[in-house]
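Please read the structure below before turning to the comments.
The values are calculated or read from the model by the stated rules, or taken from the named source; none is laboratory data. Everything numeric here is computed off the predicted structure, so don't read it as measured data. Heads up, the Cβs are rebuilt from the backbone with ideal geometry, glycines too, and the neighbour counts pull from every protein chain shown. The area values use the complete protein model at the heavy-atom level, side chains included, leaving out ligands, DNA and RNA. Shrake-Rupley method; radii C 1.70, N 1.55, O 1.52, S 1.80 Å.
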Amino acid sequence: MAQTIELGLDTFGDITDGPDGKPLHAAQVIRDVVDEAILADEVGVDFIGVGEHHRADFAVASPEMVLAAIASRTKRIRLGSAVTVLSSDDPIRVFQRFSTLDAISNGRAEVILGRGSFIESFPLFGFDLDRYEELFNEKLDLFAAVLTQQPVTWSGQLRPPLKNQSVFPKTESGRLMTWVGVGGTPQSAVRAAHYGMPMMLAIIGGDPKRFAPFADLYRRALKEMNKPELPVGVHSHGFVGETDEAARADLFADYKRMRDKIGAERGWPPLTPADFAREIEHGSLYVGSPETVARKIAATVKALGAARFDLKYSAGPLPHEKMMRSIDLYGRKVMPLVRDMLA
């Protein structure tokens, strides 16, 4: 039986280098992200995800604003966050922003809720990092209540209770596609199942097959909780070139700059060419010719039973022109090959 698969792209609006080799202003990067999404729509990509960050090396702090601009200039591509940092946001406002995006886009909005892998939003918005888990758990609980689009009666520890409170605007369809972003803990998989939300696995290193137990646990939990089957998605980094050698050569220096900068903050050693090659060949970096990237995506989809795969195509200062070529190859060549391989 053929496996159906949605194939998407994600970007964090990484601050890219211009033709002169100097970093572009965030304003230009945001305009470039809109152009990248327009191209993705034209070449048949199913979904574009825009991440939320609050630091100098990423341009997008308000994904919904960028996605609204994309909605006005595209026709069919689905639009979502990658991810919305719910822990440092207000669940009601998040729903309102995405239900508004859903209206603008004629029902194409999705939201991926997560804790995020960066912590800058906590001090920025006045949240206590020591309550990291508590904040996410309670806010996800409130978001799940709001998601019913019925009057909400709810109470928690971190904000005043709600009593028979309606939230507007509602979506036309009565539903808003909502994923929970999961980094790979059993508790996160069970939590997603508890709320009956699809699970998006952020796999940013190592063999993607090691996440199969989390996908299996999620499906078992859904079954035990008498909930319907729901999709599992995967988010991983990658880049498509004309050949394997060209793709690696085009990506390495910029990918290394991004990874080493973040790695220095987290105590990681600098990336070596051998590390880079190992992650491409055996890990979660989807880099190469269309055929190579398609084979690797298809293998991951089969191993995890995934219903969606989102390729994070931006990589630190990697120039806009290179990303546009990668998006074109992904839509025109990689996606048809993946579907043929899964047929």
Exercise. So which residues in the stretch 154-185 are open to solvent by 30 Å² or more (accessible area, probe 1.4 Å) and touching a Pro at 6+ places or on another chain (Cβ under 8 Å)?
Worked result: SER155, ASN164, GLN165, SER166, MET177
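Taking the stretch 158-209 only, how many residues are in a strand (DSSP E or B) and of a type in the set (Phe, Trp, Tyr)?
First pass over the stretch 158-209, keeping only residues in a strand (DSSP E or B): 162-165, 177-182, 199-202.
From what is left, the residues that are of a type in the set (Phe, Trp, Tyr) are 179.
Qualifying residue count for the region: 1.
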For this session: Go through the stretch 185-209 and give me each residue that's touching a residue at least 60 places away in the same chain (Cβ under 8 Å) and more than 22 Å from GLY80 (Cβ to Cβ).
Result: GLY205, GLY206, ASP207, LYS209
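Could you name every one of the strands (runs of 3 or more DSSP E) located completely within the stretch 1-119 that has at least 1 residues being surrounded by fewer than 18 Cβ atoms within 10 Å (Cβ to Cβ)? Spell out the reasoning first.
Working: elements: 6-11, 47-50, 78-81, 110-114.
Fully inside the stretch 1-119 and qualifying: 6-11.
In the set LYS163, LYS170, LYS256, which member is farther than 29 Å from LYS302 by Cβ, charged (D, E, K, R) and in contact with a strand residue (DSSP E or B) (Cβ under 7 Å, 6 or more places away or on another chain)? Can you show your working first?
Values: LYS170 fails: in contact with a strand residue (DSSP E or B) (Cβ under 7 Å, 6 or more places away or on another chain); LYS256 fails: in contact with a strand residue (DSSP E or B) (Cβ under 7 Å, 6 or more places away or on another chain).
Residue meeting the stated conditions: LYS163.
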Seminar exercise, completed: Contact list, first residue from the stretch 210-223 and in contact (Cβ under 8 Å) with a residue 60 or more places away in the chain, second anywhere and in a helix (DSSP H, G or I) and of a type outside the set (Asp, Glu), beta-carbon distance below 7 Å, six or more apart or interchain, is PHE211/LEU304; ALA212/ALA303; ALA212/LEU304; ALA215/LEU304
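In the stretch 221-257, which residues are of a type in the set (Lys, Arg) and within 25 Å of ASP46 (Cβ to Cβ)? Please lay out each step first, then the result.
Kept after step one, since they are of a type in the set (Lys, Arg), are these residues of the stretch 221-257: 223, 227, 248, 256-257.
Listed by number, the list holds a single entry, LYS227.
Just need a number here: residues in the stretch 109-140 that are within 21 Å of GLN165 (Cβ to Cβ) and without any contact (Cβ under 8 Å) to a residue 40 or more places away in the chain.
Total satisfying the criteria: 1.
For GLY156, indicate whether it is free of Cβ contacts under 8 Å to residues at least 60 places away in the same chain, in contact with an Asp or Glu (Cβ under 8 Å, 6 or more places away or on another chain) and over 26 Å from ALA56 (Cβ atoms). Working first, answer last.
Working: free of Cβ contacts under 8 Å to residues at least 60 places away in the same chain: yes; in contact with an Asp or Glu (Cβ under 8 Å, 6 or more places away or on another chain): yes; over 26 Å from ALA56 (Cβ atoms): yes.
Considered against the rule, which asks whether it is free of Cβ contacts under 8 Å to residues at least 60 places away in the same chain, in contact with an Asp or Glu (Cβ under 8 Å, 6 or more places away or on another chain) and over 26 Å from ALA56 (Cβ atoms), GLY156 comes out as yes.
Hey, among ARG248, ARG257, ARG266, which residue is farther than 28 Å from ASP328 by Cα and either open to solvent by less than 40 Å² (accessible area, probe 1.4 Å) or among the charged types (D, E, K, R) (or both)?
Selected residue: ARG266, the only one of ARG248, ARG257, ARG266 that is farther than 28 Å from ASP328 by Cα and either open to solvent by less than 40 Å² (accessible area, probe 1.4 Å) or among the charged types (D, E, K, R) (or both).
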Exercise. Does the stretch 26-35 include one or more residues that are within 22 Å of ALA307 (Cα to Cα) and under 18 Å from the mean Cα position of the chain (by Cα)?
Worked result: no
Problem set entry | Those residues of the stretch 90-139 which are β-branched (Val, Ile, Thr) and modelled with pLDDT of 95 or more, in sequence order | ILE92, VAL94, THR100, ILE104, VAL111, ILE112
